[in-house]
Amino acid sequence: MRPAAYAQGPHVGQGVDFESVTLSYRETVVLDRFSLRVGAGEVVALIGPSGSGKSTALKAVAGFLRPVSGRVCIGGVDVTDVPPYARGLGMVVQNYALFPHMKIEDNVAFGLRARGASRDLVAKQVQECLKLTGMETYVGRYPRQLSGGQQQRVAIARALAVQPRVLLLDEPLSALDAQIRRSMVEEIAQLHRSLPDMTILYVTHDQSEALTLADRIAILKDGKLCSVGQSQALYQRPPNRFTAEFLGNANLLPVQSLEAPQGDWASVIFHDASLRVYAGDTAGKGNALVCVRPHALRLSGEGVDLPNRLHGTVQSVFWQGDQQLLRVDCRGTSVRITVPLHHQVPVPGEEIVFGFDSEDANLVPLT
C-alpha cells in the first residue's frame, strides 16, 4: 500500500515550515528554537560554519531526527511524527549512496519499487528522470562505471523518481572537483526551471552555489538562524556583522555615527575620513561598522570619481588569475581590494588612495 504522501501526485507544490524546532544530540543542542518558512516552489539554501546545524535541519525535515520541541510542517501539515517514507520527499547526499551491485536504472527505480508502484509507472518514471538528468544513454551501467558527476546525476534522478513534494540536497556537490561542480550547479538550476513547483532545501558550504541557485539564503550560527533574505539583498545589504563576514567576506570599517541617519543614508566618520553610506535598519548615533565588498573598492586614478576616499599602505599583492587581491593597511584596519588585471597594480609598501560609491556600502551594528 502506498503512503498517503506518495498518492498526492507528481511535484505538488508544498512549502516547509520549521516552527521553533530544537534538536539535540545527547545533551548538546545543535538546533535551537529554529524557525523558518520555505514557500512552495522556492529554493532556499542553508549555509553556515561547520556545526551550525544545517544538515541537522535537513534531517529534521527528512524525518531522520525527531525534534526535542517544536514542529516540522510540510504543506501546512504537521509531519513531526510521520515516518520518513511517508513524507513524500526526495533526498540527495554528498556520497551519492548508490547501490554498487545495481545498474543505474535499478538504482533510480529503487524508491518506486519500495513504495509498491506499478511496473508501468516504474518504467515511465525511470525513463523520464534519467532523461531529465541527461543519463538516459547510460542504461545498463553500474555506478563504478560512471564518473563522480554522472553518479550524482543518477542520485538526483533517483530522488526525483518518487515524485517528491520537496527535494532535500545535503552538500550534493562537495565530493566533485571544481569544474564538474560548476557544471552541476548549472544543471540543478536548469532542473528547477523544468520543475518550478518543486520546493528545494539546499545545504552547502560553497557560497557561490548558494548565491547561484537560491531564491533565499538562510545563515545559521551555533544552531540558530542568524539571518535570512533574498540572496542578492542579503549579499548587498547584510543585516549584521556575522552575515557580512561569512557571506562574501566583506571589509568592515569601524566608524562613528555623529547623528541619526537621514532617511536611508548615514554620515559617519572613519578616523579623519567622512563617509556617506546606506543606513538600512541601523539607526541612531554611536559606533557601528561600514560593510563594503573588496570588488566595490576602487583605486584612485585619472577619471575615477571616489565619493568616499580613504588612504592606506599596500601590504601584499596576490595574483588570482582574472584579478589581483591587494591587502591594504588603512589606519590599522586590514582592507582587501580586488583589482582587474588590466589595472596598474601598486607594489607592497606603496601609499595609495582608494574609495567607494555610497550605494556600495552599508552600515551594520557592531554585534
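Is it fair to say residue 339 is among the β-branched types (Val, Ile, Thr) and touching a residue at least 40 places away in the same chain (Cβ under 8 Å)? Quick ask: steps written out before the conclusion?
Values: among the β-branched types (Val, Ile, Thr): yes; touching a residue at least 40 places away in the same chain (Cβ under 8 Å): yes.
It is true that residue 339 is among the β-branched types (Val, Ile, Thr) and touching a residue at least 40 places away in the same chain (Cβ under 8 Å).
Show the residue pairs meeting these rules: Cβ distance below 8 Å; 6+ apart or different chains; first residue within the stretch 313-328 and within 13 Å of residue 299 (Cα to Cα) and in the same structural domain as residue 250 (by TED's automatic domain parsing); second residue part of a strand (DSSP E or B) and among the basic types (Lys, Arg).
Taking only residues 6 or more apart or on different chains, the pairs are 314/327; 325/336; 326/336; 327/336; 328/336.
Which members of the stretch 289-306 meet the condition of being modelled with pLDDT of 90 or more and surrounded by 16 or more Cβ atoms within 10 Å (Cβ to Cβ)? Reasoning before the result, please.
Filtering the stretch 289-306 down to residues modelled with pLDDT of 90 or more leaves 289-299.
Selection gives 289, 290, 291, 292, 293, 294, 296, 297, 298, 299.
So, of the residues in the stretch 14-34 that are among the small types (Gly, Ala, Ser) and surrounded by 15 or more Cβ atoms within 10 Å (Cβ to Cβ), which turns out to be nearest to residue 200 (Cα to Cα)? If you could, list the steps in order and put the result at the bottom.
First, the residues of the stretch 14-34 that are among the small types (Gly, Ala, Ser): 15, 20, 24.
Narrowing the set further to residues that are surrounded by 15 or more Cβ atoms within 10 Å (Cβ to Cβ) leaves 15, 24.
Values: 15: 9, 24: 24 Å.
Here the residue is 15.
List pairs: first residue in the stretch 47-59 and assigned by TED's automatic domain parsing to the domain that holds residue 16, second residue assigned to a helix (DSSP H, G or I) anywhere in the structure, Cβ distance under 8 angstrom, at least six positions apart or on different chains.
That search, which allows pairs on different chains as well, returns 47/54; 47/207; 47/210; 47/246; 48/54; 48/246; 49/246.
Answer yes or no as to whether residue 123 is part of a helix (DSSP H, G or I) and surrounded by fewer than 16 Cβ atoms within 10 Å (Cβ to Cβ).
It is true that residue 123 is part of a helix (DSSP H, G or I) and surrounded by fewer than 16 Cβ atoms within 10 Å (Cβ to Cβ).
Would you mind stating whether residue 309 is surrounded by 16 or more Cβ atoms within 10 Å (Cβ to Cβ), farther than 19 Å from residue 248 by Cα and charged (D, E, K, R)?
Numbers: surrounded by 16 or more Cβ atoms within 10 Å (Cβ to Cβ): no; farther than 19 Å from residue 248 by Cα: yes; charged (D, E, K, R): yes.
Judged against the criteria, residue 309 is not a match.
May I ask you to list pairs of residues, at least six apart or on different chains, whose Cβ atoms are under 8 Å apart, with the first in the stretch 98-112 being free of Cβ contacts under 8 Å to residues at least 24 places away in the same chain and the second being assigned to a loop (DSSP other than H, G, I, E, B) and surrounded by fewer than 18 Cβ atoms within 10 Å (Cβ to Cβ)?
106/99
Mind checking whether some residue in the stretch 340-352 is out of contact with any helix residue (DSSP H, G or I) (no Cβ under 9 Å at 6 or more places or on another chain), assigned to a strand (DSSP E or B) and within 30 Å of residue 367 (Cβ to Cβ)? Walk me through how you get there before you give the answer.
Applying the first criterion (out of contact with any helix residue (DSSP H, G or I) (no Cβ under 9 Å at 6 or more places or on another chain)) to the stretch 340-352 yields 340-352.
Retained after the next criterion (residues that are assigned to a strand (DSSP E or B)): 340, 351-352.
Narrowing the set further to residues that are within 30 Å of residue 367 (Cβ to Cβ) leaves none.
Within the stretch 340-352 (the criterion being out of contact with any helix residue (DSSP H, G or I) (no Cβ under 9 Å at 6 or more places or on another chain), assigned to a strand (DSSP E or B) and within 30 Å of residue 367 (Cβ to Cβ)), the answer is no, since none of the residues qualifies.
Can you name the residue in the stretch 237-250 that is in a helix (DSSP H, G or I), in contact (Cβ under 8 Å) with a residue 24 or more places away in the chain and out of contact with any helix residue (DSSP H, G or I) (no Cβ under 7 Å at 6 or more places or on another chain) and, of all such residues, is farthest from residue 174 (Cα to Cα)? Even if it seems obvious, please write down each step before you answer.
First pass over the stretch 237-250, keeping only residues in a helix (DSSP H, G or I): 241-246.
Now drop any that are not in contact (Cβ under 8 Å) with a residue 24 or more places away in the chain, which leaves 241, 243-244, 246.
Now narrow it down to the ones that are out of contact with any helix residue (DSSP H, G or I) (no Cβ under 7 Å at 6 or more places or on another chain): 241, 244, 246.
Details: 241: 27, 244: 24, 246: 19 Å.
Ranking the qualifying residues of the stretch 237-250, first place goes to 241.
The values are calculated or read from the model by the stated rules, or taken from the named source; none is laboratory data. As the structure is a prediction and not an experimental result, all values here were calculated from the model. With ideal geometry, Cβ positions are generated from the backbone for all residues, glycine too; neighbour counts draw on all protein chains shown.
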